[in-house]
Amino acid sequence: MIESSKYKKEKKQEKEIALESSQEESTKYEQKIRPSKLDEIVGRSLEKQTLKMMIDSAKRRKEVVDHILFYGPPGLGKTTFAMAIANEMGSSIKITSGPAIERQGDLAAILTGLKANDVLFIDEIHRLSKVV
């Protein structure tokens, strides 16, 4: 059977919508089981102590926390730490990934969409285009 390009396009869109909804569901589930505060994170006492000190100092100065770079292989808790920092500061978090930022305009749009004290977490920043 020969499928029309319109039919293929519709099928592809249906798959993308299904994938997006399953990703949203898994993200919601992940947020429920992921630690939301630094005290809830198991282990990593030195890192937690350092981050608490930075957050407390920033709160006392009524300023934002300085830039922080987390690095390491997958599964070490980089995203969890970023989310915990946002929660500790009482701000929201914007999560994106390096490959999703293809042009300078993409990054500019993300930055202009941030509110005061928002946390920006760029996952896989090493894959960010050199043009950006």
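Looking at the stretch 35-115, which chymotrypsin sites (Phe, Trp or Tyr not before Pro) are DSSP coil and have at most 12 other C-beta atoms within 10 Å of their C-beta?
Here the sparse-neighbourhood loop sites are Y71.
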Item to check | the stretch 72-117 - convex hull of alpha carbons, volume per residue in Å³ | outcome: 80 Å³
Next on the checklist: Given all pairs of different Cα atoms, what value in angstroms does the Kirkwood hydrodynamic radius of the stretch 37-132 take?
Outcome noted: 14.4 Å
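Please give the per residue accessible area of the stretch 61-132, computed with a probe of 1.4 Å over protein heavy atoms only, in Å².
I get 68 Å² per residue for the stretch 61-132.
Quick check: net charge around A58, other residues with Cβ under 13 Å of its Cβ, Lys/Arg +1 and Asp/Glu -1?
Residues close to A58 contribute a combined charge of +1.
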Item to check | Net charge over other residues, Cβ less than 13 angstrom from the Cβ of I41 (K, R count +1; D, E count -1) | outcome: +2
Item to check | Gain in span if fully extended, T50 to L114, counting 0.36 nm per residue against the direct Cα distance | outcome: 20.5 nm
Checklist entry - If you roll a 1.4 Å probe over the stretch 66-113 with all protein chains in place, what percent of the accessible area is carbon or sulfur? => result 57 percent
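If you average 1/r over all unlike Cα pairs in the stretch 47-90 and invert the result, what Kirkwood radius do you get in angstrom?
Values: mean 1/r = 0.0904 Å⁻¹.
About 11.1 Å for the stretch 47-90.
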Checklist entry - Considering only protein heavy atoms, what is the solvent-accessible area of L114 at a probe of 1.4 Å, reported in Å² to the nearest 10? => result 50 Å²
Next on the checklist: Between I33 and R61, what is the label-point separation in nm under the 7 Å Cα-to-beta-carbon projection?
Outcome noted: 3.8 nm
Checklist entry - Can you list the HN-Hα couplings for the stretch 104-120, worked out from phi with the Karplus curve (6.51, -1.76, 1.60; θ = phi - 60°), rounded to whole Hz and with x for Gly and Pro? => result 4, x, 4, 5, 4, 5, 5, 5, 6, x, 6, 9, 4, 6, 5, 9, 10
Item to check | Fully extended contour minus Cα-Cα distance, from V131 to I95, at 0.36 nm per residue | outcome: 10.9 nm
Checklist entry - With every protein chain left in place, what is the accessible area of K52 in Å² (1.4 Å probe, nearest 10)? => result 70 Å²
Item to check | Distant-in-sequence amide H partners of S97 (H built 1.01 Å from N, under 5 Å) | outcome: D123
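The values are calculated or read from the model by the stated rules, or taken from the named source; none is laboratory data. This one's a predicted model, so the numbers in the text were calculated from it and none came from an experiment. Backbone-built Cβ (ideal geometry, glycine too); neighbour counts: all protein chains shown. Only protein heavy atoms, including side chains, enter the accessible area calculation; ligands, DNA and RNA are left aside. Shrake-Rupley method; radii C 1.70, N 1.55, O 1.52, S 1.80 Å.
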